[in-house]
Amino acid sequence: NDGNFHTLLRFKAYSGDHLHTSSLNATYISPHIQNEIVNACGAVIQRKLVGKIWDAKYFTVLADETTDISGVEQLSVCVRYVEHQVIETAPFTAYSVREDFWGFVLIYDLTGRNMSDNILKFLASVGDHGLKLSDMHGQGYDEASNMLGRVQDQYPTALYLHCMSHSLNLALTKCCSVAAIRNFLGTVSDICTFFQSSTQCISILKEQVGKFLLQTKKVEQHDSLITFSELLSPVAAALNHFIEHGHKECSSRARQFCCAIGHSEFLVALHCSAQVFSVSLPLSKYLQQENCDITSALAYVCSVKDSIDELQSDCDTTFCKVFEDVQSSAHILGEELQIPRLGRQQQHRPNHPAEDNAEQYFRRSVYIPFLDYFLSELDCHFTAHSRVLSGFNSISPVYLAHGFTNLVKFYESDLDSESVVFAEIKLWGKWKNTAEKTKSVILALAQCDALFYPNVHKLLQILVTLLVSTACPERSFSSLRRLKTYLHNMTTENQIVGLALLNIHWDIPVNSNEVIDRLTTHNQCLNL
């Protein structure tokens, strides 16, 4: 057996193919030729993606970095743009947001200057002709904010926005300033590690729970903590099983975890987090989607803030319901809710007067500070996004304000004179007042006539193009881990990019004639 590849080629040769009649030096099955074919397929896909960008005109660059199996830094570069689709049965052109993976770039120097130079060089040369970098109107690098100045110095209209999904996670992480929440999350993380340490632990947990939970990142963090609160009793039963039947080290750790989850402070933090995470879960899922815009995302952020604000304003009633769940969990575990020992000179622990009332103490020491921190962090981490959106309020289908002077000056290279844009926005406002209003900027873009409202159409397209999240580069890391494994750690960079493009863009057809044309464009020089 010489492998599936040669077997399939031999099978195809029996049908009278070129391989059956060709000379031995023209079979095209050597590793070198295979790599060239893979590179050609990737180049064909990149050329088609470049054509879509030239049709869309405006785009936003997304980038994120990871380390592959061989210890090399790989920078994933993606592009966000608006794709228009002509539907014959629809009265207007349909638009959709696309976030496409374009390739990996090797990074040896993690400074902001070097990474930004590599990204700009890649975008200028990709797909043979490259992109027009002056049409780049957005950039997002997750935590690499040190790169924004390097790019924006050359292209001022390339606005930098922090990933909104990461901003939400930072807001939740900052809530760990409440000691009870911080200790609770640490305990849950240790319990996750404990059950994932061996197949025996997983099988015992499956027997008690019925399914395996416990993921601790981004959307999975919301789901896992909510599920943990619902399945607290089976998890405790699994820990008790290890206490009685586990070996020495396993039994001692299980006893520590069993004591921790029965602590009053842990139970209060668990149900408080479950309530808050239930509110933020839909937002976290929405921000991971591709076809969303910054206006809708900020509207959902405001909805979450309003919901948390309602919980805070009526904290006596809302915490009463939470405390009932805490009492129910304590009863199931056979524990009794207790207030920690208080002292007059105590400074490093909550020392709120409660008059021996457990509900009052935990509401003051855990629930109210948790909601306060979450609200303040939401305001802090989404301020930049709100500031950017305020400039587009003059053309937004929600606000239709008139303060657009700074917006026109900022995009003066893309728009007509200020007087023309002002008159056009007034006409657009009158049309929007008579037409059905919508909160979706994508639908407003589809309803905007590009011939009658050219400047408004451009501004709406730029608004839709602006960054929401950098989930697209993170999704490409999964393909990288599948392609460059421990046994294939010497795979060349061009081959990885070609295979990743074929894997991710499976919906883009690659014609054999296009690959042949691509191969014939390069001079075949003999290496003597």
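Run through the stretch 439-528 and list the chymotrypsin sites (Phe, Trp or Tyr not before Pro) located in a DSSP loop whose Cβ has at most 12 other Cβ atoms within 10 Å. Don't skip to the answer; put the middle values down first.
Working: sites: Phe452, Phe477, Tyr486, Trp506; in loops: Phe452, Tyr486, Trp506.
Those that pass, being in a loop and sparsely packed, are Phe452, Tyr486, Trp506.
Provide the net charge surrounding Cys41, with neighbours chosen by a C-beta distance below 9 Å and charges set as Lys +1, Arg +1, Asp -1, Glu -1.
Neighbour charge sum, excluding Cys41 itself: 0.
Among Lys426/Lys458; Lys132/Lys458; Lys52/Lys458; Lys132/Lys426; Lys132/Lys484; Lys48/Lys121, which pairs are too far apart, with a Cα-Cα distance over 21 Å?
On the way: Lys426/Lys458 16 Å; Lys132/Lys458 16 Å; Lys52/Lys458 17 Å; Lys132/Lys426 31 Å; Lys132/Lys484 32 Å; Lys48/Lys121 19 Å.
Going by Cα-Cα distance, Lys132/Lys426; Lys132/Lys484 fall outside the 21 Å limit.
Met490 to Glu244: FRET efficiency via 1/(1 + (r/R0)^6), r the Cβ-Cβ distance, R0 41 Å, to the nearest 0.05? Before the final figure, lay out the partial values.
Values: r = 50 Å, r/R0 = 1.21.
Given R0 = 41 Å and the Cβ-Cβ separation, E is 0.25.
Since every read-out is calculated from the coordinates, none of them should be taken as a lab result. All figures in this text were calculated on a predicted structure; none of them were measured in a lab. FYI the Cβ positions are ideal-geometry reconstructions off the backbone, even for glycines, and counts take in every protein chain you see.
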